[in-house]
Amino acid sequence: MQWDWESKSCSRLSMYSQELKALQKANLYRSRELYDTKLTDLASNDYLGLAEDFEIFDKAVEAVRNCRSHSPKASQLVNGYHDIHFQFENYLKWRSGFEEAMVVGSGFLANLSLIEALPRKKDILILDEEYHASGMLASKLLSCEVLFFRHNDAAHLRQLLQSHTYQRAIVAVEGIYSMGGDLLEKEIFTVCDEMKALLIVDEAHSVGVLGDDFLGIFSYHDIIPKPNHIKMGTLGKAMGSYGAYILASDAVITFLLNRAKAVIYATAPSVFDIALAHQAFLQVEVKKDLFAAKKEARKALVKEIFDVDLEGLILKIEIGDSAKVMALKAFALKEGFLIGAIRPPTVKKAILRVILRLNVDEKRLRDFLIKLKEAVG
Ligand SMILES: Cc1ncc(COP(=O)(O)O)c(C=O)c1O
């Protein structure tokens, strides 16, 4: 068969176009867009506005310029482990109270590393039913038993842990759930500690958002890290950079360095992005009081307009209909705002996801939220 870019009759590819047509018909087709940069961004996960902070960018450039190389060049297990990585890991350990730290290329790779490597044959993996797609995907690679507990339901988790036999139990949850914006129940820590389960907490959306120090759900719930706790944080959201890290016991980190394929067989994280993330953490330390005051103001605004009590900075508005959610996104665009229109299969029913970024002008935000509330009806 001739492979011809123009040919519409290439049957191997037409399979894909049929599937795409079905997605279009169901209003579930996705595409990338280069949005007008003049739009006010209420869609990205840049909660604190650090992605537009060029002071930290310049400092990161300076830090990397002082190094012999600006690229990791190889896996961390070859010679890709860079002084910039090492310094950042030490900083994270010092701030968080965990025994050991490890940088990873992205949050997706970090979840793949944790979920694919930690559960062994006789173990059991129990995921919150709303856990991120990266963990769900990794769980399909396992030979051990995989279970799901009802979203954020500590009693159900306890019941599953008590009613199964296993060598070791590994539980995976999120600090703030990425789509619903709701917070991890503190009781889940208690259940895992009592049942001696390893607990993986994905803090992708809670680092830089929760706690007086903005370090995430551990600080928010006043949890002192224990040997069974594992914290994963991403750098491409509130920290305005790219990449991720895992904080855990020395035993877990050493095991991952020897077993996690997404770490061993991948180039080490970008040196510049880690330097930038390090500067972002330092900036959060300096500006935490300012951020806390702005966050309080955002919470008050959402309470006033939508009568919703927010803890994080994700406002979820349930819509249900995928066509309507797209129409509301178009309405927001006309008003000069970019908001998230999230449809199945990412969520069960279509929602608007509005991120109350702290660097957006409060008055502009208020005016828009009032109009959006009216448009939602
Ligand atoms: C909860 C959660 N975990 C993990 C990831 C993956 O992180 P990253 O974008 O750094 O790959 C994301 C986001 O994309 C996420 O929302």
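We did not get these values from a lab; they are worked out from the coordinates using the rules stated. For clarity, every value in this text was computed on a predicted model and none was experimentally measured. Positions of Cβ are backbone-derived with ideal geometry, glycine not excepted, and every protein chain shown enters the neighbour counts.
What is the list of residues in the stretch 125-163 whose amide nitrogen lies under 17 Å from a point 7 angstrom out from the Cα of T190, following Cα to Cβ?
So the set is 152-162.
Compute the signed sum of charges (Lys and Arg +1, Asp and Glu -1) over the other residues within less than 14 Å, Cβ to Cβ, of E194.
After counting each charged neighbour, the total is +2.
Please state the charge dipole magnitude for the stretch 54-282, taken about the Cα centre, from unit charges on C-beta atoms (+1 on K and R, -1 on D and E), reported in debye and rounded to the nearest 20.
Values: 20 positive and 27 negative charges, 180 e Å.
Charge dipole, the stretch 54-282, about its Cα centre: 860 debye, nearest 20.
From the residues A155, L137, W94, which one has its Cα farthest along the dipole of the chain in the positive direction, the dipole being from +1 and -1 charges on Cβ of Lys/Arg and Asp/Glu about the Cα centre?
Toward the positive end, the furthest listed residue is L137.
With each run of n ≥ 4 DSSP H residues scored as -39500 (n - 2.57), what mean residue ellipticity at 222 nm is computed for the chain after dividing by its residue count and rounding to the nearest 500 deg cm²/dmol?
On the way: 13 runs with 159 residues, N = 377.
Dividing the helical sum by the residues of the chain leaves -13000 deg cm²/dmol.
If we count other beta carbons within 10 Å of each Cβ, what is the order of V61, V209, fewest first?
Numbers: V61 16, V209 28.
In increasing order of surrounding Cβ atoms, one gets V61, V209.
Roughly what % antiparallel, to the nearest 5, for the DSSP beta bridges in the chain?
On the way: 20 of 41 bridges.
Antiparallel: roughly 50 percent of the beta bridges in the chain.
Between C67 and A133, 0.36 nm times their residue separation minus their Cα-Cα distance comes to what? Intermediate values should be presented prior to the final figure.
Details: separation 66, 0.36 × 66 = 23.76 nm, distance 3.62 nm.
Taking C67 through A133 to full extension adds about 20.1 nm, to one decimal.
Calculate one ³J(HN,Hα) per residue across the stretch 289-306 by plugging θ = phi - 60° into the Karplus curve 6.51 cos²θ - 1.76 cosθ + 1.60, and present them in order as whole Hz with x for glycine and proline.
After applying 6.51 cos²θ - 1.76 cosθ + 1.60, I find 5, 4, 4, 5, 5, 5, 5, 4, 5, 5, 4, 5, 4, 5, 4, 5, 8, 10 Hz.
For the stretch 54-282, what is the relative contact order in percent, using Cα pairs closer than 8 Å and at least 6 residues apart in sequence? Please report the intermediate quantities before stating the final value.
Values: 458 pairs, mean separation 68.8, N = 229.
Taking the mean separation of contacting Cα pairs over the length of the stretch 54-282, I get 30 percent.
List D123, D289, D128 from most exposed to least, where exposure is judged by having the fewest other Cβ atoms within 10 Å. The partial results should precede the final answer.
Details: D123 18, D289 9, D128 24.
The most exposed by this proxy come first: D289, D123, D128.
Residues of the stretch 63-83 with the amide nitrogen closer than 18 Å to a label point 7 Å from the Cα of I264, along Cα-to-Cβ, please.
74-81
Where nothing but the Cβ of Lys and Arg (+1) and of Asp and Glu (-1) is charged, how large is the charge dipole of the stretch 60-119 around its Cα centre, in debye to the nearest 20? Don't skip to the answer; put the middle values down first.
On the way: 5 positive and 6 negative charges, 47 e Å.
That gives the stretch 60-119 a dipole magnitude of about 220 debye.
Using the 10 angstrom Cβ neighbour count as an exposure proxy, how do R120, R357 rank, fewest first? If you can, show how the numbers build up before the last one.
Values: R120 13, R357 24.
So the ranking, lowest neighbour count to highest, is R120, R357.
Would you please state which residues of the stretch 338-374 a label at A26 would reach in this model, taking the label point 7 Å out along Cα→Cβ and a backbone N cut-off of under 16 Å?
342-351
How much net charge surrounds H164 when only the other residues with a Cβ under 11 Å from the Cβ of H164 are counted, with Lys and Arg +1 and Asp and Glu -1? Walk me through the numbers before you get to the answer.
Working: positive: none; negative: D123, E145.
Local net charge: -2.
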